[in-house]
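A short worksheet on the structure shown next.
Nothing in this text is a laboratory measurement; each read-out follows from the coordinates by a stated rule. Because the structure is a prediction, the values reported are computed rather than measured. Every residue, glycine as well, gets a Cβ built from its backbone with ideal geometry; the counts of neighbours run over all protein chains shown.
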């Protein structure tokens, strides 16, 4: 019994040392993005699947709006977001005789619960993102709806650095979308580091309101569909995931608006088609190739 009381006292001391530190407040390390939209074009390349060889070209359009609301207690922010994505893969066999043109759409509503924990250095960010992802060829069914989300606990170490840890469930990571999260954000002088593993790594150099840098990031998603294809298989769902490495240039366009340009190379590239029982019916591995992206951001 004495050991249990000792353990309880030790735990309370540790919690007090974590959440009861000084309440120094620091300015944000990055601007808040109210609106962003971009188009990414992945260069046509060849792929190899099970008894199927061909070519694929993919375009991905994305747009997102965010609206934060601070509650009266001044410790909680509810950040509402709406996101739209349009995926347009075009597949052809090796002779360019048989084509399968697919159009997929996704609509997401995100709710981020942002809460200061004890002091101004610790913050809890819990996110839920119900998503509708389909080709909309037939009436909506349960498989068209997805549930995504994340939880992240961050600590502001000092004026320049923030770290965090948590977990995420996001279909852009492929067939196994639940992964741990690790965060490091640092801004000092003209240099910015933004790391949220496994989602992205960005390293930037700022000059004035402009920045240039490198990035590594995942893009992808899962879509239910009924569009007929030339694969002669019972295909029910598409899951795609890409890991991209590239250069990024962001130029200030005035009034809080910036234009964003990306050019790089896809280093991991996988597309899976599942049947109605959730088993992979067709997996293709396109060759890695170039991609280019252009976007607009409104931030403050």
Legend entry - the chain: angle of helix 2-19 to the longest principal axis, Cα-based, in degrees nearest 10: 80 degrees
Legend entry - Efficiency of FRET from Cβ geometry, residue 190 and residue 294, R₀ 30 Å, rounded to 0.05: 0.80
Inset, instruction - Starting with the fewest neighbours, write out 53, 61 ranked by other beta-carbon atoms found within 10 Å of each beta-carbon. - result: 53, 61
Legend entry - Where a label projected 7 Å from the Cα of residue 138 along Cα→Cβ would reach, residues of the stretch 257-293 with amide N under 13 Å: 276-277
Inset, instruction - May I ask you to sort 209, 248 by Cβ crowding, counting other Cβ atoms within 10 Å and putting the fewest first? - result: 209, 248
Inset, instruction - Counting other beta carbons within 10 Å of each Cβ, put 114, 77, 141 in order, fewest first. - result: 141, 77, 114
Inset, instruction - Please compute P(r) over all alpha-carbon pairs of the chain, binned at 10 Å starting from zero, and give each bin as a whole-number percent. - result: 6, 23, 31, 21, 12, 5, 1, 0
Legend entry - Relative pair counts by distance (%), Cα atoms of the stretch 142-267, 5 Å bins: 2, 9, 14, 15, 16, 16, 11, 7, 4, 3, 1, 0
Legend entry - Nearest-0.05 FRET efficiency for residue 159 and residue 251, computed from C-beta distance (R0 30 Å): 0.65
Inset, instruction - Tell me what the chain gives for mean residue ellipticity at 222 nm when only DSSP H runs of n ≥ 4 count, each as -39,500 (n - 2.57), the sum divided by the residue total, rounded to 500 deg cm²/dmol. - result: -2000 deg cm²/dmol
